[in-house]
1. Criterion first (within 14 Å of another protein chain (Cβ to nearest Cβ), open to solvent by 10 Å² or more (accessible area, probe 1.4 Å) and more than 16 Å from ligand 2 (Cβ to nearest atom)) does A:L118 satisfy it?
2. Tell me which residues, restricted to the stretch A:214-246, are closer than 21 Å to A:G159 by Cα and under 30 Å from the mean Cα position of the chain (by Cα).
3. Assess whether A:P268 counts as being more than 30 Å from B:A84 (Cβ to Cβ), within 16 Å of ligand 1 (Cβ to nearest atom) and surrounded by 22 or more Cβ atoms within 10 Å (Cβ to Cβ).
4. Would you please name the residue that is surrounded by the most Cβ atoms within 10 Å (Cβ to Cβ), looking only at residues in the stretch B:51-84 that are without any contact (Cβ under 8 Å) to a residue 60 or more places away in the chain, among the hydroxyl-bearing types (S, T, Y) and under 16 Å from B:F18 (Cβ atoms)?
5. Of the conditions (1) within 13 Å of chain B (Cβ to nearest Cβ); (2) free of Cβ contacts under 8 Å to residues at least 12 places away in the same chain, A:Q73 satisfies every one except a single condition; which number is it?
6. For the stretch A:432-460, what are the residues that are open to solvent by less than 10 Å² (accessible area, probe 1.4 Å) and within 16 Å of ligand 3 (Cβ to nearest atom)?
7. Which members of the stretch A:492-516 meet the condition of being in a helix (DSSP H, G or I) and in contact (Cβ under 8 Å) with a residue 40 or more places away in the chain?
8. Scan the stretch A:239-250 for residues that are away from ligand 3 (no atom under 16 Å from the Cβ) and in a helix (DSSP H, G or I) and jot them down.
Amino acid sequence: MSITLQEQPTTDRGFWNDTGKTGIGSWIFSTDHKRIGLLYFYSVLGFFLVGVVLGLLLRLELMAPGRDLMSAQTYNALFTVHGVVMIFLFIIPGIPGAFGNMVMPIQIGAADVSFPRLNLFSWWLYVIGTVLVLLSLFTGGGAPDTGWTFYVPFSARTGTNVSLALFGVFILGFSSILTGLNFVTTIHRLRAEGMTWSRIPLFTWSLYATAWVQILATPILGITLVLVIAERMLGTGLFDAARGGDPIMFQHLFWIYSHPAVYIMILPAMGIISEIIPVFSRKPIFGYKMIAFSSLAIAAAGSLVWGHHMFTSGMSDTAVLVFSFLTFIVAIPSAIKVFNWVSTLYRGSISLDPPMLFALTFILLFSIGGLTGLILGAAATDVHVHDTYFVVGHFHYVMFGGTGFAFFAAMHYWLPKFYGRTYKTRPAVIAWGLMFVGFNLLYFSMKVLGMQGMPRRYYDYLPEFANLNMVATVGSWILAIGLVLMLVNLFKGLFKGAPFTGNPWGGATLEWSTPTPPPTLNFITEPVVTHGPYDYTALKHDVREADSGVTP
Amino acid sequence: MKTTYLTTNEAIDPVFIFIFGASLVLLLGITAVMVYFVIRYRRSRSPEPTSTADGNLWLEIVWTVLPTLLVLAMFYYGWAGYLALRNVPEGAMEVNATARMWSWNFAYPGGRSGTKLYVPAGKPIKVNLTSVDVLHGFYIPAFRVKRDIVPGMTNHVWFTATKPGSYDIFCSSYCGTGHSAMITTVEALPEAEFAAWLKEGAAGEGAAHPGLALLEQHGCLGCHSTDGSLKIGPSFKNIWGRKTIVQSGAADRTITVDEAYLKRAIMEPNADVVKGFAPAMPPYQLKQDELNAMIGYLRGDTVAVAPKIDGKTLAQEKGCLACHSLDGSKGVGPTLKGLYGSQVKVTKGGKLLSITADAAFLKESIKEPGATVVEGYQPTMPPYPDLSDAEMNAVLKWLEELK
Ligand code: HEM
Ligand SMILES: [Cu+2]
Ligand SMILES: [Cu+2]
C-alpha cells in the first residue's frame, strides 16, 4: 500500500477540506476515520452534557429531605436515564469511538481503519440505538424506571417503556462489537513498516485490549436484554421463580457483560494517560512492556470477576469466595500502572500544561476510586456498603474522575491537532481547579454518606443524612461551572483561537509527525517507523529534520 | 481467626479499619511522591530530563509482589468477616420477615406480627427473608448487615443489638416508586420488656378493625395513608363514595368509589389508574372474606369489630363500675344486674314514665344521661357521647348478658 496525496492540493485545513466536500453529507456519510471520530466526539459529548444535566437535577432533588421539585416516579426515571445515557451513550462508546477513531490509525501509520464503511455503519447503529432509547422516554408507559441495571423481576413487571429502551441498548451493543472488530483487524493488518508490536503506542495497545472485550463480552449483554424483552412480551418465565426461572441468573448474565464493560470504559482512558505523562515529562514511559501487558491482563482476568456485584444476592458462599479472590487479583495490574506512571515523572522535565494537569488528576482520582474498590472487593466490608452511596461515590471516582478526566485530557491534547487552532491555558487551568474542587465535594460526600448507611436510588432520606447531601449538591454546582468554563474555553479556542502547528509538546508518536490538521490520508509519504513511541532522543533528530523542511 | 462472634460489628469493623488504613497509606504515599516529582522536576527548574530510564526489573518485581501480598491479606480478612455474617450463632431467635412493595412485615414464633422489628437486646436474632413480589434488600447500617430478598428464595441475616434502642432498617435493593419509603426500625427492648411485648401480642398490633389489620398485613398502608396524607397512592381516608377521576387506557373517566370499583382496584390495579398517580401498584389475589373485610373497613363499617371489644373491660376503663354495681346492690346509680329489658320508672322532661330498658333506651342514657333519669337517683352521671358505635355495641351486648 502506498500513500500518495490525491489530486487535490493539500491546504492548511487538511482533512477538513482537502477532498473538496464540506456539506453535511460529507460528514454523516464519510468513511474517513477522522470525520467519523469527530461525529462520535460530538455525539458522545452531547450526551455527556445531557447526562450531566440529569445528574444536576438528581442532586437538586436530593438537596434537602422530602420532596424538593419532583415526584418519586420522576426521580426514579431520571436516575435510570442518567445511568443509561452516561453508560451506554457516553462512556462505553466515548474514548474508542471518538479518540480511538481519530488517533489510532494515525498512531500506527495507517491511512484509515481496515473497514471504513463498517466504521461508518457503527456510528449509524449508535445513532439508531440512541434514537430508540430516546423514543422510549416519551412513548408507551413513559421513561423506564428500573435503574441502568434493569434487574428482574421489577424490569419484567413495571409498566414503563422498558422494552423499547432495552432494544435500543441491544442495537448500541452491535455498534460496540463492530468497532471492536474493526480495531482488532486494523491493528493487526495496517501497521506501517517498522511498527512492530513493541513500538505500538500504549493508547493503541489499550484500544486493542478493549476491542477484544467489546467483541467477546457484548454479545452476552445482547442476549440477556432480548431475554428480558421476551419475559415482558411473551411471559417466558426464564427469570421468574414462580415458573421455574431464576432472578439471580439474570444478575449473572448482566454482570458477565457489565463488569468487563467497566474495562471497556477504563482501559482506553489508561491508554490516554500513558501517552500524556511521558510527553509532558519528556521522558520515556516507565515500564512500557508492563503497561501494555497489564492492559491485556486486566482485559482477560477482568472477565472472571463479575460476581463481586452480587455478594449479597443470595448466591452461594463458594461463589463469594472465588469472586472476591479474583477481584483482588485484578486489582494488581491497575496498581502497577499507577506506579509506572508516577515513576515516569522521576527526573523528567515536567510541564503542567492542561492535558498534563488533567492526566495527573486522573491518577489521583482513579487511585481514590480504585482503593475504595478494595472495600467493595472484600466480602465482609462489601456487605455494609453494597447498594449504598458508597458505591455511587466509588464508581463516579472511577468513571468520571478516571475516564471522564482522561476524556478531558484527550480533548486538550489531541483536538488542537485536528483543528489546527488551540485554546487559552489560563481559563483551562481555572476550569480544572473548579472541577477538581467540585468533584471531590460532590463524590467524597457520597462515600461518607454510604459509610453512614444511606442507600442508593433513594428519592428521599432521613434527616441524619441532610448535611452531606447539601454539600454534595453544592459541589455539583461548582463542578458544573468548571465544566462550562472548560468547554467554552476549549471550543472558542478550537474555532477561533491561536493557530496550532507542528509538535509543540514534543510527542514522539506518529500523529505528531503529520501535517496539522492531518490530510485525509493522514501521511504525505508512507511513514517508516524507526524508533519507539516514547523515544525522545530520536525525536530531536526528527524535529531537526522537520525544521529543515523534510516533513512538515 | 475467631469463628464465632457475639455481634456482627465485632466481625466487620476491624476489616474496614484494616483496608481503609492500608489504602490511606498507599494514597498518601502515591500523592506525596507525585506532587514532589512535579515540583522537583518542573521544567523551569529541570529544563531537560536527567534520566532516560524506561524500566527497572527489580522495581517492577517489588511493586508487583508487595501489593499482591497486601491484597491477599485484605481478601483473607474480608472472607473471614463474611463467614462470621453467614454463621448464625446457636440459640438465635428467629423472626420471619416478608418484604413487599413497599412495606415490611415481621412475624414471631408466638403468632405476633407487625411492621417494626422488635427484638430483645443482647440476644442474637436470625431474620429469615422472603419477598412476595420483586427484589428488596434488608439493611441495618448500625449492625453492618445486608442481604437481598429474592422472590422464590429464603435468605437470612443475623445480628445482635447489644443496647436497647431504635435502629434504622432500609430497603437496599431498588424496588420501584416507594423504594426510599420502605424503611422501618429495629426496636431493641430489654429482655423482660420484650417478653411482655411478645405475650401481649396475640391481639395483633392494636389494629381495631380486622379489615385494617389486613390492610396493614398486606402492606397496603405502605403506600396508602389512613389520615389523608399523600403517599405513593391515594389516601384511604373518606374513600367510600368519593368521586375520582381515573384513567383507563387513554381516556379519563369519573367514577364513584363503591364495592365493585374497590374490588377491581385491588385485584387489577392497572385497569383504572387514579389520575395523578403512577401505575405502580402490584395486583393482589385475596381470599373473598379478606377482600370483604378490607372493603368493610374502607366503607366505614363497624359491625365486624364488636367481638373484639370486651364490654366489661370497657365499663371498667370508663369508670362505670364506680357508680353501678354488678351484684344488684344500690350504688350512686342503679345496679346493672338485670337492667337490660327490665321495667324502670324514669323522669323525662319533668314527667314520670314507666319504660322498658331496651337497647335504644340504654344507648340514649349512656350518651345523654341527663335526658332520662331513673327515679330515685340524682342526675349526676357524665355523658359519654364519644363512645364509638363499636364500643357501644360491645357494652350493650355485655349488659344483655348480665341479665
Ligand atoms: C455533574 C455530573 C454528575 C452528577 C451530578 C451525577 C449525579 C449522580 C447521582 C446523584 C446519582 C445517584 C442516583 C441515586 O442513586 O439515586 C448518580 C448515579 C449514576 N451516575 Fe452520575 N452524576 C454525574 C456524572 C456522571 C458520569 C460522568 C457518569 C459516567 C460516566 C455517571 C454515571 C452514573 C451511573 C451509572 C449512575 C447509576 C444509575 C443507577 O443507579 O441506575 N454519572 N449520578
Ligand atoms: Cu465489576
Ligand atoms: Cu424494597
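1. no
2. Of everything in the stretch A:214-246, those that are closer than 21 Å to A:G159 by Cα and under 30 Å from the mean Cα position of the chain (by Cα) turn out to be A:T224, A:L225, A:V226, A:L227, A:V228, A:I229.
3. Values: more than 30 Å from B:A84 (Cβ to Cβ): yes; within 16 Å of ligand 1 (Cβ to nearest atom): yes; surrounded by 22 or more Cβ atoms within 10 Å (Cβ to Cβ): yes.
It is true that A:P268 is more than 30 Å from B:A84 (Cβ to Cβ), within 16 Å of ligand 1 (Cβ to nearest atom) and surrounded by 22 or more Cβ atoms within 10 Å (Cβ to Cβ).
4. As a first pass, look at the stretch B:51-84 and keep what is without any contact (Cβ under 8 Å) to a residue 60 or more places away in the chain: B:51-76, B:79, B:82.
So of that shortlist, the ones also among the hydroxyl-bearing types (S, T, Y) come out as B:51-52, B:64, B:68, B:76, B:82.
Checking which are under 16 Å from B:F18 (Cβ atoms) leaves us with B:76, B:82.
Numbers: B:Y76: 16, B:Y82: 24.
Only one residue tops the list, namely B:Y82.
5. The single condition A:Q73 does not satisfy is (2).
6. Listed by number, the residues that qualify are A:G453, A:M454, A:P455, A:Y458.
7. Hits for the stretch A:492-516 are A:K492, A:G493, A:L494, A:F495, A:K496, A:L510, A:E511, A:W512.
8. Just the residues of the stretch A:239-250 that are away from ligand 3 (no atom under 16 Å from the Cβ), to begin with: A:239-246, A:248-250.
Scanning the stretch A:239-250 gives A:A241, A:A242, A:R243, A:I248, A:M249, A:F250.
The values are calculated or read from the model by the stated rules, or taken from the named source; none is laboratory data. It should be emphasised that the depicted structure is a prediction, and the values quoted were computed from it without experimental measurement. Counting neighbours? That spans all protein chains shown, and the Cβs are built from the backbone with ideal geometry, glycine included. Calculation scope for accessible area: heavy atoms of the full protein, side chains included, ligands and nucleic acids excluded. Shrake-Rupley method; radii C 1.70, N 1.55, O 1.52, S 1.80 Å.
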